[in-house]
Amino acid sequence: MKDEKKSAVDPRILRTRQLIRGAFVELLQEMDIEKLSVNKIAERATINRVTFYLHYRDITDMMEKMADEMIENIERIVDEYAPHFEKQRTEEAWPVLVKLLEHFAENASFYQVVLATKRTPIFTERLLKLLSTLVKAKIDRVEMEDELEESGIHKEIAIWYGSSALIGTIVAWLRNDMPYSPHFLAKQFSLIRSYSYNDLI
(Lines give C-alpha, C1' and ligand atoms only; values in the text may rest on other atoms or scores of the structure.)
Protein backbone atom coordinates (compact mmCIF):
# COMPACT_ATOMS: atom_id res chain seq x y z
CA MET A 1 0.00 0.00 0.00
CA LYS A 2 2.79 2.38 0.92
CA ASP A 3 4.49 1.91 -2.47
CA GLU A 4 1.20 2.52 -4.29
CA LYS A 5 0.72 5.79 -2.46
CA LYS A 6 4.27 6.82 -3.21
CA SER A 7 3.86 6.12 -6.92
CA ALA A 8 0.71 8.27 -6.93
CA VAL A 9 2.49 11.35 -5.55
CA ASP A 10 2.40 14.28 -7.95
CA PRO A 11 5.79 14.54 -9.76
CA ARG A 12 5.79 18.28 -9.02
CA ILE A 13 5.66 17.53 -5.29
CA LEU A 14 8.53 15.08 -5.60
CA ARG A 15 10.55 17.61 -7.57
CA THR A 16 9.95 20.34 -4.99
CA ARG A 17 11.03 18.03 -2.18
CA GLN A 18 14.15 17.11 -4.13
CA LEU A 19 14.95 20.81 -4.55
CA ILE A 20 14.49 21.37 -0.82
CA ARG A 21 16.65 18.35 0.03
CA GLY A 22 19.35 19.52 -2.36
CA ALA A 23 19.30 23.00 -0.86
CA PHE A 24 19.49 21.55 2.65
CA VAL A 25 22.54 19.44 1.74
CA GLU A 26 24.32 22.32 -0.01
CA LEU A 27 23.76 24.73 2.87
CA LEU A 28 24.94 22.21 5.48
CA GLN A 29 28.19 21.92 3.53
CA GLU A 30 28.62 25.67 3.97
CA MET A 31 27.36 26.42 7.47
CA ASP A 32 26.37 25.00 10.84
CA ILE A 33 22.83 23.73 11.15
CA GLU A 34 22.08 26.39 13.77
CA LYS A 35 22.49 29.03 11.06
CA LEU A 36 20.01 27.40 8.70
CA SER A 37 16.66 29.07 8.19
CA VAL A 38 13.59 28.41 6.11
CA ASN A 39 14.39 31.57 4.14
CA LYS A 40 17.86 30.33 3.24
CA ILE A 41 16.60 26.88 2.24
CA ALA A 42 13.75 28.34 0.16
CA GLU A 43 16.06 30.80 -1.58
CA ARG A 44 18.63 28.10 -2.41
CA ALA A 45 15.87 25.77 -3.62
CA THR A 46 14.45 28.58 -5.80
CA ILE A 47 11.04 28.33 -4.15
CA ASN A 48 9.19 30.66 -1.80
CA ARG A 49 8.53 30.24 1.92
CA VAL A 50 4.88 29.40 1.33
CA THR A 51 5.88 26.47 -0.86
CA PHE A 52 8.27 25.21 1.83
CA TYR A 53 5.49 25.30 4.43
CA LEU A 54 3.20 23.32 2.14
CA HIS A 55 5.61 20.42 2.64
CA TYR A 56 7.10 20.89 6.13
CA ARG A 57 6.13 22.65 9.35
CA ASP A 58 9.69 23.76 10.03
CA ILE A 59 13.31 22.62 9.64
CA THR A 60 12.94 19.99 12.38
CA ASP A 61 9.90 18.50 10.66
CA MET A 62 11.79 18.55 7.36
CA MET A 63 14.67 16.55 8.86
CA GLU A 64 12.26 14.10 10.50
CA LYS A 65 10.56 13.43 7.18
CA MET A 66 13.90 13.15 5.34
CA ALA A 67 15.07 10.64 7.96
CA ASP A 68 11.83 8.69 7.46
CA GLU A 69 12.44 8.60 3.70
CA MET A 70 16.04 7.49 4.25
CA ILE A 71 14.94 4.55 6.40
CA GLU A 72 12.19 3.61 3.93
CA ASN A 73 14.75 3.51 1.10
CA ILE A 74 17.13 1.33 3.12
CA GLU A 75 14.36 -0.99 4.28
CA ARG A 76 13.24 -1.41 0.66
CA ILE A 77 16.74 -2.57 -0.32
CA VAL A 78 16.99 -4.94 2.65
CA ASP A 79 13.51 -6.37 2.00
CA GLU A 80 14.41 -6.98 -1.64
CA TYR A 81 17.77 -8.68 -1.16
CA ALA A 82 17.97 -10.13 2.37
CA PRO A 83 15.48 -13.01 1.88
CA HIS A 84 17.72 -14.54 -0.81
CA PHE A 85 20.57 -14.94 1.68
CA GLU A 86 18.73 -15.82 4.89
CA LYS A 87 20.16 -19.33 5.18
CA GLN A 88 23.73 -18.46 4.17
CA ARG A 89 25.21 -17.72 7.53
CA THR A 90 28.71 -16.58 6.58
CA GLU A 91 27.94 -14.73 3.36
CA GLU A 92 24.39 -13.73 4.13
CA ALA A 93 24.98 -10.05 4.67
CA TRP A 94 27.56 -8.87 2.27
CA PRO A 95 25.48 -9.06 -0.97
CA VAL A 96 22.85 -6.97 0.82
CA LEU A 97 25.57 -4.66 2.11
CA VAL A 98 26.81 -4.15 -1.45
CA LYS A 99 23.36 -2.90 -2.42
CA LEU A 100 23.20 -0.60 0.61
CA LEU A 101 26.66 0.82 -0.08
CA GLU A 102 25.75 1.33 -3.74
CA HIS A 103 22.70 3.27 -2.57
CA PHE A 104 24.89 5.42 -0.29
CA ALA A 105 27.38 6.01 -3.12
CA GLU A 106 24.63 6.99 -5.57
CA ASN A 107 23.38 9.54 -3.03
CA ALA A 108 26.81 10.45 -1.68
CA SER A 109 26.28 14.19 -1.28
CA PHE A 110 23.27 13.55 0.95
CA TYR A 111 24.75 10.77 3.07
CA GLN A 112 28.13 12.46 3.49
CA VAL A 113 26.31 15.37 5.09
CA VAL A 114 23.69 13.57 7.18
CA LEU A 115 25.74 10.53 8.29
CA ALA A 116 29.41 11.46 8.06
CA THR A 117 29.13 14.70 10.03
CA LYS A 118 27.92 15.38 13.56
CA ARG A 119 25.55 18.12 12.47
CA THR A 120 22.44 15.96 12.03
CA PRO A 121 22.44 13.13 14.60
CA ILE A 122 18.81 12.26 13.86
CA PHE A 123 19.87 10.43 10.68
CA THR A 124 22.60 8.40 12.37
CA GLU A 125 20.29 7.54 15.26
CA ARG A 126 17.57 6.34 12.89
CA LEU A 127 20.03 4.23 10.90
CA LEU A 128 21.55 2.72 14.04
CA LYS A 129 18.08 1.82 15.30
CA LEU A 130 17.29 0.10 11.99
CA LEU A 131 20.59 -1.79 11.96
CA SER A 132 20.00 -2.94 15.54
CA THR A 133 16.62 -4.32 14.46
CA LEU A 134 18.25 -6.14 11.54
CA VAL A 135 20.96 -7.62 13.77
CA LYS A 136 18.39 -8.84 16.27
CA ALA A 137 16.34 -10.37 13.45
CA LYS A 138 19.39 -12.23 12.18
CA ILE A 139 20.23 -13.60 15.62
CA ASP A 140 16.66 -14.85 15.92
CA ARG A 141 16.53 -16.14 12.35
CA VAL A 142 19.67 -18.29 12.45
CA GLU A 143 19.02 -19.29 16.07
CA MET A 144 22.26 -17.84 17.44
CA GLU A 145 20.88 -17.03 20.86
CA ASP A 146 21.88 -20.37 22.41
CA GLU A 147 25.33 -20.06 20.84
CA LEU A 148 25.78 -16.59 22.28
CA GLU A 149 24.65 -17.75 25.69
CA GLU A 150 27.08 -20.67 25.65
CA SER A 151 29.88 -18.25 24.83
CA GLY A 152 28.89 -15.97 27.71
CA ILE A 153 27.80 -13.21 25.33
CA HIS A 154 24.69 -11.23 26.21
CA LYS A 155 22.30 -10.90 23.27
CA GLU A 156 21.74 -7.19 23.85
CA ILE A 157 25.49 -6.48 23.84
CA ALA A 158 25.93 -8.57 20.69
CA ILE A 159 23.26 -6.42 19.01
CA TRP A 160 25.00 -3.21 20.09
CA TYR A 161 28.31 -4.51 18.83
CA GLY A 162 27.09 -5.77 15.47
CA SER A 163 25.09 -2.67 14.57
CA SER A 164 27.78 -0.26 15.78
CA ALA A 165 30.48 -2.07 13.77
CA LEU A 166 28.47 -1.73 10.58
CA ILE A 167 27.44 1.90 11.01
CA GLY A 168 30.98 2.80 12.06
CA THR A 169 32.36 1.21 8.88
CA ILE A 170 29.84 3.05 6.70
CA VAL A 171 30.50 6.41 8.36
CA ALA A 172 34.29 6.02 8.10
CA TRP A 173 33.93 5.09 4.43
CA LEU A 174 31.83 8.19 3.74
CA ARG A 175 34.13 10.49 5.72
CA ASN A 176 37.11 9.26 3.71
CA ASP A 177 35.31 10.04 0.45
CA MET A 178 34.54 6.37 -0.32
CA PRO A 179 38.07 5.20 -1.27
CA TYR A 180 36.85 1.62 -1.88
CA SER A 181 34.10 0.32 -4.13
CA PRO A 182 30.88 -0.89 -2.44
CA HIS A 183 31.66 -4.48 -3.46
CA PHE A 184 35.22 -4.38 -2.10
CA LEU A 185 34.20 -2.77 1.19
CA ALA A 186 31.33 -5.22 1.71
CA LYS A 187 33.64 -8.15 1.01
CA GLN A 188 36.22 -6.79 3.45
CA PHE A 189 33.54 -6.47 6.10
CA SER A 190 32.50 -10.07 5.45
CA LEU A 191 36.11 -11.27 5.75
CA ILE A 192 36.58 -9.40 9.01
CA ARG A 193 33.45 -11.06 10.38
CA SER A 194 34.82 -14.48 9.43
CA TYR A 195 37.84 -13.82 11.66
CA SER A 196 35.77 -12.56 14.58
CA TYR A 197 32.58 -13.40 16.39
CA ASN A 198 30.78 -10.55 14.68
CA ASP A 199 28.61 -12.74 12.44
CA LEU A 200 25.62 -10.65 13.32
CA ILE A 201 24.81 -8.48 10.33
Of all residues making up the range 170-187, the number that are under 19 Å from Leu131 (Cα atoms) and among the small types (Gly, Ala, Ser): 2
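Quick check: is even one residue across the range 130-142 closer than 13 Å to Met70 by Cβ and either open to solvent by 10 Å² or more (accessible area, probe 1.4 Å) or among the aliphatic types (A, V, I, L, M) (or both)?
yes
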Pairs with Cβ under 7 Å, 6+ apart, first in the range 11-36 and farther than 23 Å from Pro121 by Cβ, second open to solvent by less than 80 Å² (accessible area, probe 1.4 Å) and part of a helix (DSSP H, G or I): Thr16/Thr51; Thr16/His55
Filtered residues of the range 31-53 (kept if loosely packed, with under 11 Cβ neighbours inside 10 Å, of a type outside the set (Val, Ile, Thr) and not in a loop (DSSP other than H, G, I, E, B)): Glu34, Lys35
Those residues of the range 100-114 which are touching a residue at least 24 places away in the same chain (Cβ under 8 Å) and either under 14 Å from Trp173 (Cβ atoms) or surrounded by fewer than 18 Cβ atoms within 10 Å (Cβ to Cβ) (or both), in sequence order: Leu100, Leu101, Glu102, His103, Phe104, Ala105, Ala108, Ser109, Tyr111, Gln112
Checklist (1) at pLDDT below 90; (2) exposed (fewer than 11 other Cβ atoms within 10 Å of the Cβ); (3) not hydroxyl-bearing (Ser, Thr, Tyr) applied to Arg15, failing item: (1)
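Yes or no, residue by residue, for (1) open to solvent by less than 70 Å² (accessible area, probe 1.4 Å); (2) in contact (Cβ under 8 Å) with a residue 60 or more places away in the chain; (3) touching a Ser or Thr at 6+ places or on another chain (Cβ under 8 Å):
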site: Ala116; (1), (2), (3): yes, no, no
site: Thr124; (1), (2), (3): yes, no, no
site: Trp160; (1), (2), (3): no, no, yes
site: Ile170; (1), (2), (3): yes, yes, no
site: Leu174; (1), (2), (3): yes, yes, no
site: Pro179; (1), (2), (3): no, no, no
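The values are calculated or read from the model by the stated rules, or taken from the named source; none is laboratory data. Small disclaimer: the values here were computed from a predicted structure and weren't measured. Virtual Cβ from ideal backbone geometry, glycine too; neighbours counted across all protein chains shown. Please note that ligands, DNA and RNA were not included when accessible areas were found on the heavy atoms of the full protein model with its side chains. Shrake-Rupley method; radii C 1.70, N 1.55, O 1.52, S 1.80 Å.
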